[in-house]
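In what follows, a single structure is set out as structure tokens and then discussed.
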Amino acid sequence: MKRLFLFGLMLAAVTSASAQLLDAKKISNSNEKVKSIDQMLSYGQKSLGPVSMTGAEINADLYKQLGIDLPTTWEAQTGVGKSISKMAKVQAGDLVFFGDGNSKCVAFTGVAYKVNKDGFDFMYVDKENKYTLANTNDTNFRNCFVTASHVASDKDLNAAYKSWDKMVSAADKAKKNEEKTFKESKKAKEDLSKAKSDLEKAQKNLAELQARKADNEKDLEAARSEWQQTMDAANQAANMGDSNKASKNLAKAQKQNEKINKKLNKYESEKQKLVKKIESAQKDVKSAEKDIEKAEKKVSKTSDEYASAKKEAEETAKKIAD
């Protein structure tokens, strides 16, 4: 690889890429055994020995275990995260870059392993393609530090885990709210349907009661009319001197009158019952009409709430899926 002195240019181009690299979903769904910087370094330590990858590629593989995607070239890696120009500011897990001898051209890259009072240990790929441990005080690396990149800390990772958990919790809550409002909307519609059915039943019952009352009145009126005709026939016979016929008609009228009185008593009794039932049915009608009005408002409200909850659930689910 052609080594270029890019340090000054890279410092000018560095942005706070750590925020871009930290993806809550990727971090939370990464290697279950690698959840911290120390665990990442322990994972890297197991790879010490001959390797077929470059130092930058191993750096990327280590961070991949945490769910963080890094470019696989040292040039690009110097531009990620927070640039560190002083060796004393390096933390365990930071990407580190060293020159060869007194040159400030990057020749080696690795990951800081353990920070000491006067420097730090780091893992890197040497010239013999061996992944090994070295210290900044070693002869080959003394005064060879070029730069470092702070990609993430345990604090950053924990924040990402919490962010993901919060998103999952929000999605779960939104889904439950969607289900809840759907049930409420469904129940409101069922209540509305029942209220309408109750209204129809009450109106039908009222109509039947009123028809029965009218039929009773007609029947009573017909009996009175028949009695009146018999009385008229008796009076007419008496006027004509036909006492026998007049007597028969009076006897007939007497029976009719008794029948009328029975019907009248029965009618009055039935009438009182019907009047109470009619009043009750009228109340049922009014109550059912009010229930319909309330149910219609609730249907409208719960339908809107369900639509809103469904949209929120879809949006949070999409965030997780993306």
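Structure notes:
- Cα-Cα over 23 Å, subset of Lys26/Lys130; Lys194/Lys297; Lys173/Lys318; Lys155/Lys176; Lys64/Lys176; Lys173/Lys294: Lys26/Lys130; Lys155/Lys176; Lys64/Lys176; Lys173/Lys294
- Helix 154-239 and the longest principal axis of the Cα set of the chain meet at an angle near 10°.
- Alpha-carbon Rg/Rh ratio, for the chain, with Rh computed the Kirkwood way: 1.71
- FRET efficiency for Glu226 and Gln272, using Cβ-Cβ distance with R0 set to 30 Å, rounded to 0.05: 0.75
- Computed [θ] at 222 nm, deg cm²/dmol, the chain (DSSP H ≥ 4; -39,500 (n - 2.57); rounded to nearest 500): -22500 deg cm²/dmol
- If you plug the beta carbon distance of Lys245 and Glu208 into 1/(1 + (r/R0)^6) with R0 = 56 Å, you get a FRET efficiency near 0.80.
- 26 Å Cα-Cα threshold exceeded, pairs from Lys196/Lys263; Lys86/Lys114; Lys290/Lys311; Lys82/Lys114: Lys196/Lys263; Lys290/Lys311
- Spatial separation of Cα centroids for segment 151-194 and segment 20-66, in angstrom: 32 Å
- For segment 88-95, 3J(HN,Hα) computed residue by residue from phi via the Karplus equation (6.51, -1.76, 1.60; θ = phi - 60°) reads 5, 8, 5, 10, 4, x, 5, 6 Hz, glycine and proline entered as x.
- Here the gap between Asn116 and Lys311, fully extended at 0.36 nm per residue and compared with their Cα-Cα distance, gives a gain of 64.9 nm.
- For GluC sites (Glu not before Pro), the sites in segment 123-222 that DSSP calls loop and that have at most 16 other Cβ atoms within 10 Å are Glu128.
- Net charge, Val299 excluded, C-beta distance under 9 Å - Lys, Arg +1, Asp, Glu -1: +2
Throughout, read-outs are computed from the coordinates displayed, never taken from laboratory work. As the structure is a prediction and not an experimental result, all values here were calculated from the model. Please note: Cβ atoms are built from the backbone with ideal geometry, for glycine as well, and neighbour counts cover all protein chains shown.
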